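What follows is a set of notes on a single structure, which appears directly below.
The values are calculated or read from the model by the stated rules, or taken from the named source; none is laboratory data. Note that the structure is predicted; figures quoted are calculated from it, not measured. Cβ sites come from the backbone with ideal geometry, for glycine too, and all protein chains shown count toward neighbours. Just the protein is used for accessible areas: all its heavy atoms, side chains included, with ligands, DNA and RNA removed. Shrake-Rupley method; radii C 1.70, N 1.55, O 1.52, S 1.80 Å.
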Amino acid sequence: MPASVLKSTKPPIPIDGGDGSSPRGDDFYYKEHVKWIGLWLFLSAVIMLFAAFTSAVIIRRESGDWKPIYFPSFLLLNTMILIISSFTFEISKRKLRSLQEHGYHFWLGITVVLGFAFLGGQIYVWKLMEGQGYFLPTNPHASFFYLLTCLHGLHLLGGILWLVFLFFGTWQIKNFKSSLTSARLASTYWHFLTFLWIYLYCLLRIV
Amino acid sequence: MTVDKQVERHHKIPGFWQHYIFSTNHKVIGIQYLITAFASALIAAGMAMLIRLEIAWPEHSWPILGTLFPGAFPGGVMRPEVYAALFTMHGTLMVFFFLSAALVGGFGNFLIPLQIGADDMAFPFLNMLSYWVYLTGLLVMLSSFFFSPGGPASAGWTSYPPLSALKTAIAGSDWGQSFWIVGMAFFIISFTMGGLNFVTTVLSMRTRGMHMMRLPLTTWALFTTAAVGILAFPALTAAVVMLFLDRHFGTSFFLPSGLYVAGKLLPNKGGSPLLWQHLFWFLGHPEVYIVMLPAMGFTSDILSTFCRKPIFGYPAMVGSILAIGSLSFIVWGHHMFVSGMNPYLGLFFDITTLIIAVPSAIKTFNWMATLWEAKIQLRTPMLFALAFVSLFVTGGLSGIFLAMAPADIQLHDTYFVISHFHFIMAGASLFGIFAATNFWFPKMFGRMMNETLGKFHFWITFITYYCTFFPMMFLGLHGEMRRLYDPVQYYTMFKSLQPINVFISINAFALGAAQLVFVFNFFWSMLRGEKASANPWNANGLEWTLSSPLPYENWEGNSPEVQRWPYDYSYPGAAKDYLPQVVPEQAAAGNY
Ligand code: HEM
Ligand SMILES: [Cu+2]
């Protein structure tokens with residue numbers, strides 16, 4: 001593998017190609033370029049969704065019946081699990097860059113397991129909350145807690161499915177560049193969900 | 001592209017199912033969208049006829065309706081719940097499932113790849129999915145007429161809680177409202193998938209030489225609309241999710257304390273109905289521009305073509321499209337002036353709303369300047385495009401009254417508002433759709449739409465449209481509220497206005513009937529219309545360099561090279577009065 005290939009798969013051509021056109025055709029960079037745009041547009045819709053919920057939290061907590069609820073400390077542990085999963089994904093990508101297929105699959109597998117662990121942990125947190133007498137309609141803070149954790153969980157479930165596809169889709173690395181691109185796209189989504197969770201955690205904690 | 005590869009491409013035309021039903025081809029999807037959207041428009045128009053029947057002759061008995069729909073018209077008289085369900089579903093179907101779907105799903109799909117010189121959308125599979133999800137949403141909405149006990153949703157297209165959040169508040173708030181929520185969820189998903197595709201396609205698949213500043217204004221508008229949709233619809237998603245929880249899981253996002261239904265105090269506490277209004281209008285206002293911008297784009301292209309003149313002020317047109325798209329996110333509060341908002345906040349929304357009139361006015365002046373001293377060809381698409389400008393100005397001027405809170409507090413929720421948005425949103429976009437259908441029909445079906453029928457349809461529609469919606473301004477100025485089941489019996493002060501309502505209804509029926517001419521023309525021309533040449537209007541866009549009807553694969557790999565913008569009409573020194581975008585400078589004086 002020539003060293004230049006390993007450096008980066010950033011598209012060499014900006015959005016507006018020199019002659020006003022975009023890179024086109026069956027060109028690899030062009031296809032990658034399209035996928036990145038699609039991913040970021042999707043993420044911007046998700047950002048707007050959670051921005052809308054944030055504004056709802058802010059407005060709703062102005063009314064008199066907002067009683068803060070307290071989270072089980074297990075939630076913090078679960079947060080750590082998700083953060084660690086982002087790191088393991090990074091390790092797996094490193095391994096891929098240095099063409100260590102086994103390491104790549106190993107760490108990717110760990111990431112998937114951690115993702116499932118996080119989801120299981122969230123369900124456990126819900127059980128703990130219910131044990132404390134907090135149900136969805138109990139009070140607005142609890143409602144937002146269940147709603148936002150559930151929506152984040154659904155997005156994460158999508159992320160896990162994506163990782164599983166990636167895992168098997170790149171089982172045998174035939175085309176290095178396209179495997180790396182797939183991994184980078186998936187990891188962008190994955191890290192996005194980690195940041196989103198940290199944000200939601202702070203939002204739910206602070207208010 | 002080698003010869004072998006071209007031959008190979010010719011063999012890729014798939015069989016019936018993949019070609020017409022589960023197609024990933026943007027042209028087929030566009031036509032699927034367009035025809036489905038027209039079907040929902042016809043259904044919604046039928047509802048409007050019933051609404052107008054009730055308003056003009058409140059609680060009158062129509063034996064034939066009693067026989068046809070004994071449940072909804074017992075003894076031939078419309079039940080009040082049915083009236084509420086009709087105006088709700090009319091609005092929902094028209095705004096989302098007709099206007100948005102036809103403009104964005106229909107023309108967006110059909111035109112964007114053609115106008116930028118691409119073979120298809122960036123994500124063709126997503127595109128196919130988008131249509132089927134849209135159709136599912138539409139079927140869910142429509143099925144609420146048959147399958148939901150209590151009938152379809154009845155809380156208005158804006159679905160304000162508490163009415164929409166309490167299952168027992170009104171018959172339609174029972175199952176009907178849940179159908180509405182699910183239907184809208186499907187629509188939002190479909191629209192987002194489409195939007196992702198459009199933005200990505202325009203950003204990344206333009207052919208050689210197609211700078212952003214050489215895009216036809218239609219594509220600019222569709223591009224901006226798609227971006228606005230991606231960013232605005234999530235607010236409604238959030239709102240419908242919370243509404244769903246309030247309805248089915250006992251939460252109190254939107255339900256305030258102390259509500260009594262049928263003499264019983266509800267357990268809900270502290271929710272904010274205004275929160276819904278904020279979230280809804282954060283989508284709702286951009287949504288009105290989502291349906292306006294594409295129609296503005298069509299108008300620009302069609303005016304320029306039939307004036308045989310370049311569009312006036314192209315950069316200003318692009319700038320105002322972008323300005324409208326972004327400003328539309330900060331004006332939503334003008335729908336809530338009477339909600340008790342802080343007057344300073346109201347002032348903010350006053351000002352932003354008036355500012356958005358500036359780019360709108362820039363566009364209008366540019367259209368005027370394009371028409372100035374032009375050799376106008378009054379073909380059917382041109383008539384509709386001119387009418388678009390007229391409706392847009394009428395609606396825009398009425399908007400300026402509404403934008404001022406002191407006036408709006410009087411006018412809010414009256415027929416003045418109904419008149420305003422039927423001119424600017426419903427009317428202008430509808431005329432835009434008619435203009436575009438007549439204009440691009442040859443590309444879709446290889447035949448021309450019939451001119452005589454088209455002109456007949458135009459004049460009846462134009463005249464009855466004004467006669468239907470203009471008098472509503474007077475009703476509104478006299479204070480007559482919208483959504484009244486019986487304006488005569490319960491509000492004696494409106495009795496003297498009733499002749500206006502009768503006049504409006506008669507015109508509305510004529511308007512409705514005239515649309516059958518369009519439907520007939522559409523299908524008749526599709527089968528029997530005069531065969532169209534590749535470029536029947538002598539227009540410049542890339543789509544006109546391909547045959548009519550279009551080949552299955554747009555460019556079969558030989559994407560065109562763009563040399564100029566699409567508005568070189570009556571170019572000095574050129575032999576013909578138009579220069580397609582692919583003609584290089586040297587060739588201009590010769591062949592063209
Ligand atoms: C000159 C620009 C415009 C101004 C100043 C303006 C102003 C307003 C205001 C203040 C209202 C609220 C009235 C009320 O409910 O009391 C309103 C309602 C509305 N406007 Fe506009 N508007 C403008 C352009 C548009 C455009 C371009 C569209 C659509 C394409 C549109 C569609 C609507 C609709 C649908 C409603 C009413 C929705 C409802 O209550 O059901 N407006 N407009
Ligand atoms: Cu508005």
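Relative to the longest principal axis of the Cα atoms of chain A, helix A:101-131 runs at roughly 10 degrees.
Give the longest segment of chain B that steers clear of trypsin sites (Lys or Arg not before Pro) in DSSP loops with at most 11 neighbouring Cβ atoms within 10 Å, not counting the sites themselves. Intermediate values should be presented prior to the final figure.
Details: sites that count: B:K12, B:K375.
Segment B:13-374 is the longest.
A simple spin-label model places pseudo-atoms 7 Å from Cα toward Cβ; at B:F22 and A:T188 they are separated by 3.0 nm. The angle between the Cα long axis of helix B:273-307 and the longest principal axis of the Cα atoms of chain B comes to about 30 degrees, rounded to the nearest 10. Taking amide H atoms as placed 1.01 Å from N in the peptide plane, the amide H of B:T414 lies under 5 Å from those of B:R482, each 5 or more residues away in sequence or on another chain.
What pairs from B:K375/B:K531; A:K127/B:K269; A:K93/B:K27; B:K531/B:K576 go past 29 Å between their alpha carbons?
Numbers: B:K375/B:K531 26 Å; A:K127/B:K269 24 Å; A:K93/B:K27 40 Å; B:K531/B:K576 23 Å.
Cα-Cα > 29 Å for A:K93/B:K27; rest within.
Accessible surface for the protein assembly as shown, divided over its residues, is 39 Å² per residue with a 1.4 Å probe. Each label was represented as a point 7 Å from its Cα along the Cα-to-Cβ direction; for A:L128 and A:S55 these points are 3.4 nm apart.
Shielding by partners for B:278-285, please: the mean number of other protein chain Cβ atoms within 10 Å of each residue's Cβ.
Numbers: counts 4, 5, 0, 0, 4, 2, 0, 0.
Whole-number average of other-chain Cβ neighbours for B:278-285 is 2.
The distance between label points at B:F69 and A:C202 comes to 5.3 nm (points 7 Å beyond Cα on the Cα→Cβ vector). Put +1 on the Cβ of each Lys and Arg and -1 on the Cβ of each Asp and Glu in the range B:413-536; which of B:F421, B:L484, B:F434 then has its Cα farthest toward the positive end of the dipole? Farthest towards the positive end: B:F434.
Computed FRET efficiency, Cβ-Cβ of B:S339 and B:A262, R0 25 Å: what is it to the nearest 0.05? Computed FRET efficiency for B:S339 and B:A262: 0.40.
Applying 1/(1 + (r/R0)^6) with R0 = 30 Å to the Cβ-Cβ distance of A:N175 and A:I91 gives a FRET efficiency near 0.85. What does the charge count near B:S173 come to, summing +1 for each Lys or Arg and -1 for each Asp or Glu among other residues with Cβ under 12 Å from its Cβ? Cβ neighbours under 12 Å give a net charge of -1.
Shielding value for A:140-148 is 3, the average number of Cβ atoms from other chains within 10 Å of each residue's Cβ.
The alpha-carbon of B:K363 sits under 20 angstrom from the alpha-carbons of these aspartates and glutamates, leaving out residues fewer than 8 places away in its chain: B:E287, B:D301, B:E373, B:D568. Taking every alpha-carbon pair under 8 Å whose residues sit at least 6 apart, chain B reaches a relative contact order of 15 percent. Our summary gives the range A:70-205 a relative contact order of 30 percent, counting only alpha carbon pairs under 8 angstrom and 6 or more residues apart. Note on A:S73 and A:L43: with the Förster distance fixed at 25 Å, the Cβ-Cβ geometry gives a FRET efficiency of about 0.25.
Rounded to the nearest whole Hz, the Karplus-based 3J(HN,Hα) values (6.51 cos²θ - 1.76 cosθ + 1.60, θ = phi - 60°) of the range A:44-59 follow the sequence 5, 5, 5, 4, 4, 4, 6, 5, 4, 5, 4, 5, 5, 4, 4, 5, with x at glycine and proline. For the range B:59-74, the Karplus equation 6.51 cos²θ - 1.76 cosθ + 1.60, evaluated at θ = phi - 60°, returns couplings of 6, 7, 9, 10, x, 5, 5, x, 6, 5, 10, x, x, 7, 10, x Hz by residue, with Gly and Pro reported as x.
Between the amide H of B:R447 and those of B:A532, distances stay under 5 Å, these residues lying 5 or more places away or on another chain, with hydrogens modeled in the peptide plane.
Along the range B:162-178 the Karplus relation, 6.51 cos²θ - 1.76 cosθ + 1.60 evaluated at θ = phi - 60°, assigns HN-Hα couplings of x, 3, 7, 9, 9, 4, 9, 5, 7, 3, x, 7, 6, 6, x, 5, 5 Hz to successive residues, with x for each Gly and Pro. Shape of chain B from the C-alpha gyration tensor: prolate (a/c of 1.5 or more and a/b above b/c, with a ≥ b ≥ c the square roots of its eigenvalues).
For peptide B:268-274, the mean count of partner chain Cβ atoms within 10 Å of a residue's Cβ comes to 4.
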